[in-house]
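A quick write-up on the structure given underneath.
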Amino acid sequence: MLILYTNASLQTRAAKYAAGWLSEKIHSKVRIDSLKITGLHTFEFKKLYVQDQAGDTLLLAPSLKIELLDYHNLNLTNNSLFVQDLQLTGGEFYLHKNKRGILNLDFLIDFFSSPSQHTNDTSAFMLRIKNIHLVNSHYRMENEEAEKKLPDSIFNPNDFDIRGINLNAKDFYLRNDSITANVSHLALNEKSGFRLLDLKTLLNIGDHHMTFSKLLIKTPNSTIGDHYEMHYKSITGFDKFESTVTLVARLKNAHVASKDISYFASELKGMNLRADISATGQGKLENLKIRNLIFHTAHDTYINGNLRLRGLPNLETTFMDLDLNKFSTSISDVKDLMKNSGLSSSVKNIPAQLIPLGNVEYKGSFEGFYNDFVTRGTFKTALGNIISDINLKFISGKLPVYRGNINTDNFNLGKLLSEPVLGNISVNANLRGSGFTEFAGKDTIDTQFRFIDFRGYRYHNILVKGSRIRKLFNGDIAVNDPNLGLLFKGSFDLDSALPSYDFKAKIGHADLRKLKFLKDSIEMQTQLEVNAHGSNLTNLQGKILVSQTTLNRNGTSFKFDSLALVALNNNGIRTVSVHSCILDGSVKGKYDLATFPSAVKAIFAQYVPSITGHDIVHSVSQNFEFNLNIFDADPILAIFAWNYYRSR
């Protein structure tokens, strides 16, 4: 025996004999090139080869070194083995499951799990290894039972190829199907392109669980920790991982990049997102619950809440139920996140007017898919608060679609739209449409304004019902303000070069001084029918009918039944005609209608010196024919020459 322990040639011959004996027992080839035993406790194997029963490689160990504490550990009568150090260099391990569900390792498991094959001791075999070192090893797995094919750039749990495996572990313990170990370093590269730079953990594997405590994972772009568990009925259930394996995870100050996650979720390919995450999660991947989520990404985007995900790993069909304690972001963050998510084409649909909202905070709920969801909660912005119950849909290449309710209180709409004539609003709006700007989209409007500030006056009690297509509005408006009663029905189109108007309106009462249109006290009631187009008085064309009109100026009332104004333009020759019970008239020629009333007033001022005022503008040359018949001058003088009318 001493010669055997000291002679390398005899040691190799004995090892080859043992390999041949084992080959006969397991009905598969086992081969070894050489064995060197040093000091009765160190064993060095060269080119240890084990073939599966299909004739393919199962295990190849070019260099395997096993060091025991002492030679007494060679005694396996107590069904246990204690190893001080195990080092495998360049090892290759190939697992294969055929279409019948038979694993190429099963025959070895069956052989060694049967006590009658090697000892009379029926107690479970126990293996302890103080230190394990795997150097540049290779692990390959193919499962023909699973037919699902994935792109080469996506990790496939049924067809993976891991190379460059480098492992340092200690305190490895195996008994029955239970394994524990302290992994101080693990690095590897998978054929999809995924790289693991370092993994540290306390490992515990049993019949129905895997636990990774004190976990730290480092990849080229991510750092993740610190606890992860998997619970399952059988290890074979990993074939249907998302529905058979229960996960328990705790992330603590994890830094996660979409580039690394995209190897496991193809929907993230092409995205460049990064986030810091802390959370606890539990459940099967297809129905995962996440609690105490803290999520921070970009510059100002922060999420704190609880989340439930149903449908992973397919993000396209994953339903999210998010209860938000706090969500904050900014428009600049939204644009950056959309660009980094591969949605650059949709960024142009976000109007620049939203920038004044500043950092937006939200508390409420989020339910739905990533591109089709409902939000219910309160937004806090720099311009005021918004309470929403909105369904939003983002469809690639199309305008965003929305439906729901928005409620605001004292929200600064003027600053949002960069319109100085507008101020704050308080509104309850039911909306349904598409597009977020006046240049794109359409919607249906059912809105109640509790108030809206316009030109320094706060209008109360306004109802708006109708539809919008780009800048075309068609519908009804009702105003019940102390200083304005208005009923409007019709449309106005601001989309073309010359805005057009086609509507009927009834003004029950209007105090033009209190409404801050005029400085003098003028109250009126009237009815209007307008069918015209134009952006100003100079290019105005169409017909305006005014009827059942009452004017009250400083306590003096005037009434007239109707007034019709028709404006035409034929090759630069403008014709404006007026027909009413107080006057008939027409003007034809080339003139500036915007300054025409002032020009007429200047003419009258030559004959009536008391007609004066800063509003008389001496216009440029005007060439026109003028015809006027006045039947009742009082209303005209009261409006255009109050001082003269009052002095008579």
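The values are calculated or read from the model by the stated rules, or taken from the named source; none is laboratory data. All values reported here derive from a predicted model rather than from experimental measurement. Backbone-built Cβ (ideal geometry, glycine too); neighbour counts: all protein chains shown. Note: areas computed on protein heavy atoms with side chains; ligands, DNA, RNA excluded. Shrake-Rupley method; radii C 1.70, N 1.55, O 1.52, S 1.80 Å.
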Report summary line: Stretched fully, the stretch from LYS339 through LYS36 gains (0.36 nm per residue minus C-alpha distance, one decimal, in nm) 103.0 nm
Report summary line: For LYS504, counting only lysines whose alpha-carbon sits under 26 Å away and dropping same-chain residues fewer than eight positions off, the answer is LYS442, LYS465, LYS471, LYS489, LYS514, LYS516, LYS543, LYS559
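Rounding to the nearest 20 debye, state how big the charge dipole of the range 440-528 is about its Cα centre with +1 on each Lys and Arg Cβ and -1 on each Asp and Glu Cβ. All intermediate terms of the calculation are to be shown ahead of the outcome.
Details: 15 positive and 11 negative charges, 28 e Å.
Dipole magnitude for the range 440-528 comes out near 140 debye.
So between GLN87 and LYS543, what do we pick up on full extension, going 0.36 nm a residue minus the alpha carbon distance?
On the way: separation 456, 0.36 × 456 = 164.16 nm, distance 9.68 nm.
Gain on stretching GLN87 to LYS543: 154.5 nm.
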Report task. May I ask you to give the solvent-accessible area per residue for the chain, in square angstrom, as obtained with a 1.4 angstrom probe? Result -> 56 Å²
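Mind checking the dipole of the chain: about its Cα centre, +1 per Lys or Arg Cβ, -1 per Asp or Glu Cβ, Debye to the nearest 20? Display every interim value, and only then the final one.
Numbers: 73 positive and 64 negative charges, 156 e Å.
Approximately 740 debye in magnitude.
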Report summary line: Going residue by residue through the range 307-313, the Karplus relation 6.51 cos²θ - 1.76 cosθ + 1.60 with θ = phi - 60° gives ³J(HN,Hα) values, rounded to whole Hz and with x marking Gly or Pro, of 9, 10, 10, 10, x, 4, x
Query raised in the report: Tell me which lysines have Cα within less than 19 Å of LYS47's Cα, excluding those fewer than 8 residues away on the same chain?
Result: LYS16, LYS29, LYS36, LYS65
Query raised in the report: How large is ³J(HN,Hα) for each residue in the range 157-163, as worked out from phi by the Karplus curve 6.51 cos²θ - 1.76 cosθ + 1.60 (θ = phi - 60°), to whole Hz, x for Gly and Pro?
Result: x, 9, 7, 10, 9, 10, 10
Report task. Subtracting the Cα-Cα distance from 0.36 nm times the residue separation, let me have the gained length for ILE355 to ALA633 in nm, one decimal. Result -> 94.7 nm
Report summary line: Carbon and sulfur atoms account, in whole percent of the 1.4 Å probe accessible area of the range 470-570, for 54 percent
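Take every Cα-Cα pair in the chain and report what % of them are more than 51 Å apart. Spell out each step's value before the answer.
Values: 91352 of 209628 pairs.
Here the long-distance tail beyond 51 Å is 44 percent of all Cα pairs in the chain.
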Report summary line: If amide H atoms are modeled at 1.01 Å from N in the peptide plane, then the residues at a separation of 5 or more from SER80, or on another chain, having amide H under 5 Å from its own are MET126
Query - Efficiency of FRET between LYS588 and ASN480 - r from beta-carbon atoms, R0 60 angstrom, step 0.05 - result: 0.90
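So for the chain, averaging the separation of alpha carbon pairs under 8 Å that are six or more residues apart and normalising by length, what relative contact order in percent results?
Details: 1637 pairs, mean separation 24.6, N = 648.
Relative contact order, the chain: 4 percent.
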Report task. Calculate the spin-label point distance for SER332 paired with TYR232, positioning each point 7 Å from the Cα along the beta-carbon direction, and give it in nanometres. Result -> 4.7 nm
Query raised in the report: Under 5 Å between amide H atoms, partner at least 5 residues away or on a different chain: which partners does ASN385 have, H built in plane at 1.01 Å?
Result: ASP409
Report task. Could you go through the range 560-576 in sequence order and give the Karplus-derived ³J(HN,Hα) for each residue, using 6.51 cos²θ - 1.76 cosθ + 1.60 with θ = phi - 60°, rounded to whole Hz, and x for Gly and Pro? Result -> 8, 6, 8, 8, 10, 10, 10, 10, 10, 9, 10, 6, x, 8, 8, 10, 10
Report summary line: Which residues qualify? For GLN548, with a placed amide H closer than 5 Å and at least 5 residues away or on another chain, they are SER562
Query - Lys/Arg +1, Asp/Glu -1 at C-beta; the chain dipole; positive extreme among GLY281, PHE631, PHE264 - result: PHE631
Query raised in the report: Once both labels are modelled 7 Å past Cα along the beta-carbon direction, what's the ASP276-PHE264 spacing in nm?
Result: 2.2 nm
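With a 1.4 Å probe and every protein chain kept in, tell me what percent of the accessible surface of the range 243-296 is carbon plus sulfur.
Values: 1490 of 2750 Å².
Carbon and sulfur atoms account for 54 percent of the accessible area of the range 243-296.
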Requested in this report: List, in the order given, every pair from LYS200/LYS284; LYS269/LYS289; LYS284/LYS380 whose Cα-Cα distance in the structure shown is over 26 Å.
Outcome: LYS284/LYS380
**Report entry** Inter-site label distance for VAL374 and ARG140 at 7 Å from Cα along Cβ, in nm
**Finding:** 5.2 nm
Requested in this report: Rounded to the nearest 0.05, what FRET efficiency do SER213 and LYS191 give with R0 = 41 Å and r taken as the Cβ-Cβ distance? Could you check?
Outcome: 0.90
Report summary line: Of the candidates PHE454, ILE205, GLY384, the farthest towards the positive dipole end of the chain (Lys/Arg Cβ +1, Asp/Glu Cβ -1, centred on the Cα centre) is PHE454
Requested in this report: Return the FRET efficiency for the residue pair ASN176, ASN253: r is the Cβ-Cβ distance, R0 is 51 Å, and the value is rounded to the nearest 0.05.
Outcome: 0.90
Query raised in the report: Counting Lys and Arg as +1 and Asp and Glu as -1, each charge on the Cβ, what is the dipole of the range 132-275 about the Cα centre in debye, to the nearest 20?
Result: 620 debye
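Sorted by packing (mean other beta-carbon atoms within 10 Å per residue), highest first, where do 206-214, 353-361 land? Before the final figure, lay out each step's value.
Details: 206-214: 15.0, 353-361: 16.9.
So the order, starting with the most tightly packed, is 353-361, 206-214.
Leaving out ligands, DNA and RNA, and with a 1.4 Å probe, what % of the accessible surface on the range 352-446 is carbon or sulfur?
Values: 2780 of 4940 Å².
Ligands and nucleic acids excluded, carbon and sulfur give 56 percent.
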